[in-house]
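The values are calculated or read from the model by the stated rules, or taken from the named source; none is laboratory data. Not measured: the values here are computed from a predicted model. Using ideal geometry, Cβ is built from the backbone for each residue, glycine included, and neighbour counts are taken over all protein chains shown. Just the protein is used for accessible areas: all its heavy atoms, side chains included, with ligands, DNA and RNA removed. Shrake-Rupley method; radii C 1.70, N 1.55, O 1.52, S 1.80 Å.
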Amino acid sequence: MSALQRQKITAAAEEFIELGEQRVSYTLRRSPRRRSIALLIDERGLRVAAPLAAPQQAIDSLLREHAAWVLRKVGDWQQKRPPPRNWTAGEQIMFIGQPLSLVMRSGIEAPQIDGDCLLVGPPALAPKAVETRVRNWLKRQALDLYTQRCADFSMQLGLPAPAVRLSSALTRWGSCHSSGRISINWRLIQGPQAWIDYVAAHEVAHLRQMNHSPAFWRTVGTLVADYAERRTALRRESQRYLLL
Ligand SMILES: [Zn+2]
């Protein structure tokens, strides 16, 4: 089988099913490697993975059999998912754990905070341009804050301030390169300071230990004593911040 053929076969298709009163859409991905049908629900919605030859009827009956679970989980995720953004006045932006309300104002060049508002201008700016300005502003704030926090933690360990970059990986919040360069996801600037500090401390601790040994975690613990709680909260609650 050529790579292209395989790609076609495993390509995802948008499907839907009526479950009780509700029409539920899902992504169906068939793969030659799968031996059974699997259901997965997360922030991307309902996904079904199935063997190439699985009859649609088998997929339908599995979905019906688990209808209550599917509807509950899909509903849970829809509540967690922020509404689609339109990048106009009133839009809420999270910044270091605090909600900021977007306000369009004339005479504003670069976005700026005013109380619990983020001022963006000029008022005639198209939503797409508002989005770009806000994202760029968030990235600038993120780089400043991460650089500062990594420098603080490095100093506590008696190390020179590391080079810090922004990443936009959708799967991880931070990483530390063997060269000593630290990357932290710019989207983390939406989360609370406690999370930002945990990720910065974690990556700085890698400058001492390039592994996740007990010695590594002891180092993290000297920087952020309650790192375990923060790590759990980050894993449990941070998904929605990846969607900006
Ligand atoms: Zn690590």
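Some notes on this structure:
- Evaluated against (1) assigned to a loop (DSSP other than H, G, I, E, B); (2) modelled with pLDDT under 90; (3) open to solvent by 70 Å² or more (accessible area, probe 1.4 Å), PRO82 falls short on exactly one condition, (3).
- Which listed residue, of GLY75, GLY97, is open to solvent by less than 50 Å² (accessible area, probe 1.4 Å) and in contact with a helix residue (DSSP H, G or I) (Cβ under 7 Å, 6 or more places away or on another chain): GLY97
- Residue among LEU143, LEU119 that is open to solvent by less than 30 Å² (accessible area, probe 1.4 Å), outside any loop (DSSP other than H, G, I, E, B) and not basic (Lys, Arg): LEU119
- Some residue of region 191-205 being in contact with a Pro (Cβ under 6 Å, 6 or more places away or on another chain) and more than 12 Å from the ligand (Cβ to nearest atom): no
- Here ARG33 qualifies as within 28 Å of LEU170 (Cα to Cα), in a loop (DSSP other than H, G, I, E, B) and without any contact (Cβ under 8 Å) to a residue 24 or more places away in the chain.
- Residue selected from region 36-46 under the condition part of a strand (DSSP E or B), open to solvent by 20 Å² or more (accessible area, probe 1.4 Å) and in contact (Cβ under 8 Å) with a residue 24 or more places away in the chain, by the criterion farthest from LEU170 (Cα to Cα): LEU39
- Condition met for LEU223 (touching a residue at least 60 places away in the same chain (Cβ under 8 Å) and within 14 Å of the ligand (Cβ to nearest atom)): yes
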